[in-house]
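No value in this document is a laboratory result; all are computed from the given coordinates. Because the structure is a prediction, the values reported are computed rather than measured. All Cβ positions, glycine included, derive from the backbone under ideal geometry; neighbour counts span all protein chains shown.
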Amino acid sequence: MRILVVADPLAGFKIYKDSTYAMMREAASRGHQILACLSSDLRLKNGIVEAQAQVVVLTDTQSGHDWYRIVGEEIIALRDVDAVIMRKDPPFDQQYLYATQLFSLAEAQGARVFNRGQALRDFNEKLAIFQFEQFIAPTMVSQSIADLRAFVSEHDDVIVKPLDGMGGVGIFRITNNDANLGSILEMLSQNGEKPVMAQKYLPAIKDGDKRILLIDGVPVDWCLARIPQQGETRGNLAAGGSGVARPLTARDREIAEALGPQLAAQGLLLVGLDVIGDNLTEVNVTSPTCFQEITAQSGINVAGLFIDAIERKCV
């Protein structure tokens, strides 16, 4: 197979933990050819969606920046590769939106894109949880500072976050008595011009913000609990949290098995559910991570499961 990976620059990959690297390594080990490009390398010419792509060969090096070599470049129609894997990190900005629209055009021309362009547009990673309200804690979204203040007043201990962030950026824990309450809400909402999500604080975060991976609707049997460091609210690894792999609990599996078939049916091959305690907090669809951490601690070849799914869809 020829697999086109649309991602951030390869030179910036931290390959000791990068899930996209794990996917590429697994695919290459099976003899598949890897091509890579940025979302800015996509184009529409003569009605055909193309990419100016680099042909990538992975080396035996397991660290540093020499883990790959570029052995060629080509302009290729997305319909002419076996699979396109979208792995660009958020934010879901205008550039990202345009990329998903090009993917949808390419799919109409016969391209196989994972996750599908329409699904990426439909599933805001924060708002998507409202499709599964039976599993969520008290949550609201508003750009009205008065609304947000009222929610904090009702629940007292609240997490607020932007709708387009990742890695814990812009997440605050606030209470009724927080001297910075007004400033935080004004900053996140850009003075009432931008929607903000507010969720009741879940004390179970001390046991970890669990990342549950769904591959073609089926949960990986172990999750990664991202545990906040001392004095922190955020469990995100990018915010200093530590990752501990654990078998899924009965509740984890209940949530995953309820959501999995619905998400897969809408074109989401890979999804990362975030669960704190018994509550679903996010549905991550852009570039879900934690492959390597789960593999290292559980022995489950997560990248192998993902490439298995790609092969089933495309071979």
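Figure legend: label point modelled 7 angstrom from the Cα of Asp221 along Cα→Cβ; residues of region 250-270 with amide N under 15 Å from it are 250, 253.
For region 138-201, the Kirkwood estimate of the hydrodynamic radius, built from every pair of different alpha carbons, is 11.2 Å. The fewest-to-most ranking of Tyr68, Tyr98 by surrounding Cβ atoms within 10 Å reads Tyr98, Tyr68. Once both labels are positioned 7 Å from their Cα atoms along Cα-to-Cβ, the gap between Asp157 and Tyr16 label points is 3.5 nm.
The long axis of helix 145-155 is offset from the longest Cα principal axis of the chain by roughly 70 degrees. Full extension of the chain between Phe130 and Val71 gives 16.7 nm of extra length, using 0.36 nm per residue less the Cα-Cα distance. Length gained on full extension, Arg246 to Asn180: 20.1 nm, using 0.36 nm per residue less the C-alpha separation.
Annotation for region 205-234 versus region 2-55: alpha-carbon center distance of 27 Å. Computed from the C-beta positions of Met187 and Ser40, the FRET efficiency with R₀ = 41 Å rounds to 0.90. When the alpha carbon gyration tensor of region 2-122 is reduced to an equivalent ellipsoid, the three semi-axes, largest first, read 24, 16, 12 Å. The Cα trace of region 190-288 gives Rg and Dmax of 14.2, 43 Å, the first to one decimal, the second as a whole number. In summary, the lysines within cross-link reach of Lys210, defined as a Cα separation below 16 angstrom excluding same-chain residues under 8 places away, comprise Lys126. Averaging 1/r over each pair of different alpha-carbon atoms in the chain and inverting the result gives 20.4 Å, the Kirkwood hydrodynamic radius.
What does the net charge come to around Asp308 if you take all other residues with beta carbon closer than 11 Å to its beta carbon, with K and R at +1 and D and E at -1?
Within the 11 Å Cβ shell, the charges total 0.
Considering only alpha-carbon pairs that sit under 8 angstrom and 6 or more positions apart, the relative contact order computed for region 250-315 is 21 percent.
When restricted to Cα atoms, region 55-150 yields an Rg and a Dmax of 19.3, 58 Å, respectively.
Dividing the summed -39500 (n - 2.57) terms of all DSSP H runs of n ≥ 4 by the residue count of the chain sets its mean residue ellipticity at 222 nm at -8500 deg cm²/dmol. Within 9 Å, Cβ to Cβ, of Thr281, how many net charges do the neighbouring residues add up to if Lys/Arg are +1 and Asp/Glu are -1? Overall, the nearby charge balance is -2.
Centre-to-centre separation between the Cα atoms of region 92-137 and those of region 256-315: 15 Å. Taking every DSSP bridge with both residues inside region 57-199, close to 90 percent are antiparallel.
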